1. Which net charge results when you count Lys and Arg as +1 and Asp and Glu as -1 among the other residues whose beta-carbon is under 10 Å from that of residue 103?
2. Hey, if you drop one equal point scatterer on each alpha-carbon of the chain and run the Debye formula without solvent, what base-10 log of I(q)/I(0) do you get at q = 0.12, 0.19 Å⁻¹?
3. Report, in degrees rounded to the nearest 10, the 0 to 90 angle that the Cα long axis of helix 127-137 makes with the longest principal axis of the chain.
4. What order do you get for 106, 85 when you list them from fewest to most C-beta neighbours inside 10 Å?
5. Can you find, among 37, 138, 168, the residue farthest towards the positive end of the dipole of the chain? Put +1 on the C-beta of Lys and Arg, -1 on that of Asp and Glu.
6. Order the peptides 186-193, 130-137, 70-77 from the highest to the lowest mean number of other Cβ atoms within 10 Å of their residues.
7. Can you give me the angle between helix 159-181 and the longest principal axis of the chain, using Cα atoms only, in degrees from 0 to 90, rounded to the nearest 10?
8. What value, in deg cm²/dmol to 500, does the helix sum -39500 (n - 2.57) over DSSP H runs of n ≥ 4 give at 222 nm once divided by the residues of the chain?
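Each value in this text was obtained by applying a stated rule to the coordinates, not by laboratory testing. Since the structure is predicted, the reported quantities are computational estimates derived from the model, not experimental observations. Counting neighbours? That spans all protein chains shown, and the Cβs are built from the backbone with ideal geometry, glycine included.
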Amino acid sequence: MSRLGELRRDHLSDAERALFDAITTGKRSGGDGRSAHITPTGGLRGPFNALLHAPHVGDAVQRLGEQLRFEGLLSPRQREIGVLCVAARWRADYEWWAHARIARSCGVPDAVIAAIRRRETPPLEDQAERLVHEFSRSLLDERQVADALYDAAAAALGEAALVELVVLLGYYSLISMVLVAFQVAVPEGETPPFEDDSSPPRRC
């Protein structure tokens, strides 16, 4: 049960309703339409319900997320590897639940997804993807990036995509903080991915 009550569209202020519609009818809606982010009772899933409680900042947050996910320079696989690194670092159940599915749909192998969840080195064949993982882990765990790793990542991705990767890691860390602080659960009937994982975070 989330610490924040569910807000439903028919009881929203004008600002809240505008944010609700931006989330459910924008690029996130995809082929599934509005239903992808709407709960059976008419609220918003995941972090979006929390953002709805503060639309003056929630709209800016969702717009950045939309830009990163749908207009970014990183490939879908690179992006999702970075997001999964954040979700595993924070043990953010909803974020992992949602993005493991997205990663799989983008072609990230199950073995890679499972290794990132365990915070182990994943079996990535692509050099750029390996560097995305290593850079992400270093920045998230060590809070710094060694010169050699930085230079290798910049050469493989380009400086603009590397800036995007850093922003992506920061954005999904923000989303993880929202999910963890307000105890946002996975949808009913789904198993929390970190439910039985009580071990402290490990460095890859």
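1. Working: positive: 77, 79, 101, 104; negative: 80, 110.
Neighbourhood net charge equals +2.
2. -0.61, -1.41
3. Computed tilt is about 70 degrees.
4. Values: 106 15, 85 26.
In order of increasing Cβ crowding within 10 Å: 106, 85.
5. 37
6. Values: 186-193: 12.1, 130-137: 23.1, 70-77: 15.5.
Sorting 186-193, 130-137, 70-77 by mean packing, highest first, produces 130-137, 70-77, 186-193.
7. Long axis of 159-181 versus the principal axis of the chain: about 50 degrees.
8. Numbers: 9 runs with 115 residues, N = 204.
The per-residue figure over the chain is -18000 deg cm²/dmol.
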